[in-house]
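Student: Just dropping this structure here.
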Amino acid sequence: MVDLFGKKKLEDRILELQASLTKLEGEKEELLRTLEKREEKIRRLSSANQEANLALKIAEQKAAAALPAPAHAAAECSVEQKPKARKLSLREMDMLMERLKACRSPKDDLLVAFYPDPFPEDGVLPPQFKKAARAIKSQRGGIILHSPQLFSLLLIPPFPIQESYFREGSAFALDPLGEMMDTPVLVALAHAGDTFLGVALSREGFEVEELVQSQVMGKHSKGGWSQKRFERLREEDIKSHVDLASQKLAALMGKYKTLLKYAVLSGEESIIRQIVPGIDLPVVERRLERHDERKTKALLEEVYGFTCYRIEE
């Protein structure tokens, strides 16, 4: 029988549209489930963020209550108030150096001053810089860059300043600062079970990297004889790890010691104390992130990074 009105084609088209509709409804349900999961994740993160902020606020209030200010503190707060800090990336430091090099003054009053820790009270620095230096209290000293009527900066360097340096001129005397930016160092991130050792001859990268890994038992929560035995075994594991790290460290020191100026150490204090005797270099202790081979550049940013304070005149 001949389909004069195209009924068969219409029925096929209806079936095709129904199948497409079913598929689209399935996709819609899947998207709704994904959206619900995402909204639930956002709710959890928001809740966690609120709890963290509340805990931080409570901790700050407790810290403030535990350290009551003396009666005369209100009168001196404007004098000893710590300026706001900003950590400069290596790129930002390069840009700052370029701009400082371009500065000129016909009055020969562009000031560069390096001061060690403790701050020299008998120095020739202007009063506002002395106040800022006392408030910041850097164990590595500081670097002051001052252009009258334009800006005043205080930089906390990544490595300690050994002696005072003061110079005024028509341009900033930046050679000591440039040398510090590329100081050759040994970096040791010491942790039980994994210790990173690296030699950086400049901030461009590590000349050599060593990751010392060994099995160290985790902490034990049970009491009695079992706990004592567990702790003894853990101490033996840690000692074996320290011995292995010390061997690697001795090899690096034998090869690179004459080139290096500092050893930058971070990690567990007990491990650091055990490896320090094998480091015949001035030690700079820092708080650095645990080693991640995917974040070597970030580690260099931390090791060679400067902290910048803008000082109000």
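The values are calculated or read from the model by the stated rules, or taken from the named source; none is laboratory data. Model, not experiment: these values are computed from the prediction. In this analysis, Cβ positions are derived from the backbone assuming ideal geometry, glycine residues included, and neighbour counts consider all displayed protein chains.
Student: Being among the hydrophobic types (A, V, I, L, M, F, W, C), surrounded by 14 or more Cβ atoms within 10 Å (Cβ to Cβ) and not in a strand (DSSP E or B) is the filter here, so list the residues in region 254-276 that pass it. Before the answer, list the steps.
Tutor: Within region 254-276, the first condition is being among the hydrophobic types (A, V, I, L, M, F, W, C), and the residues that meet it are 259-260, 263-265, 271-272, 275-276.
Still in the running and surrounded by 14 or more Cβ atoms within 10 Å (Cβ to Cβ): 260, 263-265, 271-272, 275-276.
Once the filter is applied, which keeps residues that are among the hydrophobic types (A, V, I, L, M, F, W, C), surrounded by 14 or more Cβ atoms within 10 Å (Cβ to Cβ) and not in a strand (DSSP E or B), region 254-276 yields L260, I271, I272, I275, V276.
Student: Looking only at region 119-153, which residues are within 23 Å of P106 (Cα to Cα) and either touching a Phe, Trp or Tyr at 6+ places or on another chain (Cβ under 8 Å) or of a type in the set (S, T, N, Q) (or both)?
Tutor: Listed by number, the residues that qualify are V124, L125, I143, I144, L145, H146, S147, Q149, S152, L153.
Student: OK, next. Checking F172 against (1) within 22 Å of A298 (Cα to Cα); (2) surrounded by 19 or more Cβ atoms within 10 Å (Cβ to Cβ); (3) of a type outside the set (A, V, I, L, M): exactly one of these is not met. Which one?
Tutor: (1)
Student: Out of P127, P120, I need the residue that is in the same structural domain as F159 (by TED's automatic domain parsing), within 22 Å of P160 (Cα to Cα) and not acidic (D, E). Which one? It would help to see each step written out before you state the result.
Tutor: On the way: P127 fails: within 22 Å of P160 (Cα to Cα).
After ruling out the rest, the residue left standing is P120.
Per-residue answers, yes or no, for (1) under 30 Å from T258 (Cβ atoms); (2) at pLDDT 95 or above; (3) touching a helix residue (DSSP H, G or I) at 6+ places or on another chain (Cβ under 6 Å); (4) surrounded by 12 or more Cβ atoms within 10 Å (Cβ to Cβ):
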site: P106; (1), (2), (3), (4): no, no, no, no
site: D109; (1), (2), (3), (4): no, no, no, yes
site: F119; (1), (2), (3), (4): no, no, yes, yes
site: G123; (1), (2), (3), (4): no, no, no, yes
site: A132; (1), (2), (3), (4): no, no, no, yes
site: G141; (1), (2), (3), (4): yes, no, no, yes
site: I156; (1), (2), (3), (4): yes, yes, no, yes
site: E163; (1), (2), (3), (4): yes, no, no, no
site: L186; (1), (2), (3), (4): yes, yes, no, yes
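Student: Might you check whether a residue that is under 30 Å from E92 (Cα atoms) and either assigned to a helix (DSSP H, G or I) or modelled with pLDDT of 90 or more (or both) occurs anywhere in region 229-246?
Tutor: First pass over region 229-246, keeping only residues under 30 Å from E92 (Cα atoms): none.
No, the conditions are met nowhere in region 229-246.
Student: Is there a residue in region 157-171 that is among the hydrophobic types (A, V, I, L, M, F, W, C) and within 21 Å of the chain's Cα centre (by Cα)?
Tutor: Taking region 157-171 as the starting set, the residues that turn out to be among the hydrophobic types (A, V, I, L, M, F, W, C) are 159, 161, 166, 171.
Pick out the ones that are also within 21 Å of the chain's Cα centre (by Cα) and you get 159, 161.
Yes; the residues of region 157-171 include at least one that is among the hydrophobic types (A, V, I, L, M, F, W, C) and within 21 Å of the chain's Cα centre (by Cα).
Student: I need the strands (runs of 3 or more DSSP E) fully contained in region 91-195, keeping only those with at least 2 residues that are closer than 30 Å to E289 by Cβ. Quick ask: steps written out before the conclusion?
Tutor: Values: elements: 110-115, 142-147, 151-156, 165-169, 185-191.
Answer list for region 91-195: 110-115, 142-147, 151-156, 185-191.
Student: Another question, if that's okay. Can you name every residue in region 277-296 that is assigned to a helix (DSSP H, G or I) and in contact (Cβ under 8 Å) with a residue 12 or more places away in the chain? Walk me through it before giving the result.
Tutor: Keep residues of region 277-296 that are assigned to a helix (DSSP H, G or I), which gives 277-278, 293-296.
Correct list: G278, E293, T296.
Student: Moving on. Within the set of pairs 6+ apart or on separate chains, which have a first residue in region 236-248 that is closer than 12 Å to Q215 by Cα, a second that is part of a helix (DSSP H, G or I), and C-beta atoms under 7 Å apart?
Tutor: Once the first residue is closer than 12 Å to Q215 by Cα and sits in region 236-248, its partners that are part of a helix (DSSP H, G or I) give V242/I271; V242/Q274; V242/I275.
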